[in-house]
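Working notes, structure below.
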Amino acid sequence: MMSSDQNVFGKKLYIESYGCAMNFSDSEIVASILTASGYATTRNEEEAQVVLINTCSIRDNAELRVRNRLNHFNVRKRKQPGLVVGILGCMAERLKSTLLEEEKIVDLVVGPDAYRDLPLLIEQVEGGQKAVNVLLSREETYAEINPVRLDNSGVTSFVSIMRGCDNMCSFCVVPFTRGRERSRDPETIVHEVKYLFEQGYREVTLLGQNVDSYRWNITKKGEIIEPGKSTVNFAQLLELVALVSPQIRVRFSTSHPKDMVDEVLHTMARHHNICKYIHLPVQSGSSSVLERMNRGYSREWYLDRIAAIRRIMPDCAISTDIITGFCGETEAEHAETASLMREVGYEFAYMFKYSERPKTLAERKFKDDIPEAIKQQRLEEIIQIQHESSHQRNIQAVGKVFEVLIEGNSKKSDKSLHGRNSQNQVVVFERGNHQKGTYVNVKITACTSATLIGEVV
Ligand code: SAM
Ligand code: SF4
């Protein structure tokens, strides 16, 4: 969840975001569009005339959270009848105008490609009508919009480099809610990163559902669209961004195992400021499950990509996403996921129970036949494996020295600061005279399963 204060003039807008980093980044685009129309963002929902909820549809419980939140705004709307309540993002796109019927307090439903229309749609609502725009676009990337930063830590920021997804993994609703894949003009990306650097930011995370298929002026088949103009692939984009300054760190998410090429790994190895951390969602360790998931790779292919990362960047950290209890998953298939996790030894993993989503390939083709209790049991088992693996990785870090970018106060004590190393591990150390947004070298002296503890050297 996120909201923000920007200035004190104009009508007040309160935005809440759920789900992935892309949604948080989109909320900053929305804030920028509405700020240009005279709105001011606020962190205090009580003083807002417009409340926007940027929603997630990835699992059923993500949608339930939003429905519960709407009950809360329902109470507010009774006290303040002029309050405009809008639903943005994936739920808006998935449910369209039925949301207006199901949730009476909702005035506005706007999909991820229609945010430029928000000022007009809000006017329409203020004129007494309900408003919906859920048109998906093949071109919209909000390329030239400079997002209003809502999470004003002032050190790290997301930068969207592409939108949509063409992959059609059988479990996933994203291709339906976010439309076709399209890449953003690299010049506008570099311009945004330069601007962030000048504002004092020291880390950017380049965002896309499948960053490895980023391409500018090239078709999927590799043909040049406009001869005479330069082409840019993901490895080249990474390099362009890394060259903005050696003082700005570059991260990216998400890589797709079927598309991750060695060129990207070599580019990462060449630049100290491209963080040695890759999020490479595997989903399952079983080739037969991966085939049902339509992921486009096998267990062997995935392990070959892991081997390439280890060969080219021995110090690179790897994290993943895993789904338990996908349609027809047998005990043996589940055991393959457990064995793959042990073999890779991930630094970190996001783990989920399979949640059937309407209209997806899996919903149409397979039965959601694994009982909830088994999904849960398998989830707990892999959480335990991951817990041990994360702890092991942290123990291996003790005694080493890492360059850490300071992000702010430690959560537990004002006397300590926290930051992350290139491998994305959280490091806590004594404050001393050190400042947020600067780099320090920290020797690790102890650890928990989630945090490294150290002293500045
Ligand atoms: N594009 C990214 C990729 O391909 O890895 C991930 C996008 S999705 C927002 C994040 C994660 O949610 C996925 O990697 C997957 O593990 C999980 N997920 C997606 N659909 C799901 C579903 N129906 N049930 C459970 N988990 C799901
Ligand atoms: Fe969903 Fe697959 Fe696209 Fe990721 S790559 S967003 S999991 S369809």
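Enumerate the residues in the stretch 204-247 having an amide nitrogen under 13 Å from the point lying 7 Å beyond the Cα of Asp185 toward its Cβ.
Only 217 fall inside the zone, counting backbone N under 13 Å.
Nothing charged except the Cβ atoms of Lys and Arg (+1) and of Asp and Glu (-1): what's the magnitude of the dipole of the chain about its Cα centre? Round to the nearest 20 debye.
420 debye
Take the Cβ-Cβ distance between Lys11 and Lys96 as r, set R0 to 22 Å, and report the resulting FRET efficiency rounded to the nearest 0.05.
After rounding to 0.05, the efficiency reads 0.25.
Under a plain spin-label model, where a point goes 7 Å from the Cα along Cα-to-Cβ, how far apart in nm are Ile374 and Glu403?
For the pair Ile374/Glu403, the computed spacing is 5.0 nm.
Going from most exposed to least, what order do Lys12, Lys359, Lys96, Lys365 have by accessible area with a 1.4 Å probe?
Accessible-area ranking of Lys12, Lys359, Lys96, Lys365, largest first: Lys365, Lys359, Lys96, Lys12.
What spacing in nm lies between the two simple spin-label points modelled at His72 and Glu430, each 7 Å away from Cα in the Cβ direction?
4.0 nm
Residue separation times 0.36 nm, minus the C-alpha to C-alpha distance between Lys415 and Lys79: what's the value?
Residue separation times 0.36 nm, minus the Cα-Cα distance, leaves 116.7 nm.
Compute the signed sum of charges (Lys and Arg +1, Asp and Glu -1) over the other residues within less than 10 Å, Cβ to Cβ, of Leu417.
Local charge sum for Leu417: 0.
Using the Karplus curve 6.51 cos²θ - 1.76 cosθ + 1.60 with θ = phi - 60°, work out ³J(HN,Hα) for each residue of the stretch 367-372 in order, rounded to whole Hz, and write x for Gly and Pro.
Rounded to whole hertz, the list is 9, 7, 9, 8, x, 3.
What accessible area, in Å² to the nearest ten, does a 1.4 Å probe give for Val456?
Number for this one is 50 Å².
Quick one: which residues, 5+ away or cross-chain, put their amide H under 5 Å from the amide H of Arg249? H built at 1.01 Å from N.
Under 5 Å from the amide H of Arg249: Glu203, Val204.
When the solvent-accessible surface of protein heavy atoms is calculated with a 1.4 angstrom probe, in what order do Asp151, Asp262, Asp107 fall, highest first?
Sorted by accessible area, descending: Asp151, Asp262, Asp107.
Lone cysteines in the chain, going by a 4.7 Å Cβ-Cβ cut-off?
Within the chain, the cysteines lacking a partner Cβ under 4.7 Å are Cys20, Cys56, Cys90, Cys165, Cys275, Cys316, Cys327, Cys447.
Just to check I understand the Karplus step: with θ = phi - 60° and J = 6.51 cos²θ - 1.76 cosθ + 1.60, what whole-Hz values come out for the stretch 214-222, glycine and proline as x?
4, 7, 10, 6, 9, 7, 4, 7, x
Roughly how compact is the chain, stated as its Cα Rg over 2.2 N^0.38 Å to two decimals?
Normalised by 2.2 N^0.38 Å, the Cα Rg of the chain equals 1.00.
Which length gain, in nm to one decimal place, applies between Glu363 and Thr438 when the Cα-Cα distance is subtracted from 0.36 nm times their residue separation?
Working it through step by step, the gained length comes to 22.1 nm.
Using R₀ = 56 Å, calculate the FRET efficiency as 1/(1 + (r/R₀)^6) where r is the Cβ-Cβ separation of Ile383 and Lys229; round to 0.05.
The computed FRET efficiency comes out at 0.70.
Multiply the residue separation of Glu198 and Arg65 by 0.36 nm, subtract the distance between their alpha-carbon atoms, and state the gained length in nm to one decimal.
44.1 nm
Between Ile453 and residues 5 or more places away or on another chain, which pairs have amide H atoms under 5 Å apart, with H built 1.01 Å from N, and which residues are they?
The answer is Val428, Thr445, Ala446, Cys447, Thr448.
Please compute the net charge surrounding Asp107, taking Lys and Arg as +1 and Asp and Glu as -1 over other residues with Cβ under 15 Å from its Cβ.
Here the count lands on +1.
With all protein chains present and a 1.4 Å probe, how do Ile225, Ile33 order by accessible area, largest first?
Per-residue accessible area, sorted high to low, gives Ile225, Ile33.
Residue by residue, what Karplus-based ³J(HN,Hα) values in Hz, rounded to whole numbers, does the stretch 378-384 have, using 6.51, -1.76 and 1.60 with θ = phi - 60° and x for Gly and Pro?
5, 4, 4, 5, 6, 4, 5
Would you mind working out the accessible area per residue for the chain, using a 1.4 Å probe, and quoting it in Å²?
44 Å²
Using a 1.4 Å probe on the protein heavy atoms, what percent of the accessible area of the stretch 146-249 belongs to carbon and sulfur?
52 percent
Summing +1 for each Lys or Arg and -1 for each Asp or Glu, what net charge is found among the other residues whose Cβ lies under 10 Å from the Cβ of Asp262?
Neighbourhood net charge equals +1.
Once ligands and nucleic acids are excluded and a 1.4 Å probe is used, how much of Ser37 is accessible, expressed in Å² to the nearest 10?
60 Å²
Find the eigenvalues of the gyration tensor of the Cα atoms of the stretch 193-311, then list the square roots of 5 times those eigenvalues as equivalent ellipsoid semi-axes, largest first, in whole angstrom.
27, 19, 12
The values are calculated or read from the model by the stated rules, or taken from the named source; none is laboratory data. All of these numbers come straight from a predicted model, not from anything done at the bench. Here the Cβ is made from the backbone with ideal geometry for all residues, glycine too, and neighbour counts use every protein chain on show. Please note that ligands, DNA and RNA were not included when accessible areas were found on the heavy atoms of the full protein model with its side chains. Shrake-Rupley method; radii C 1.70, N 1.55, O 1.52, S 1.80 Å.
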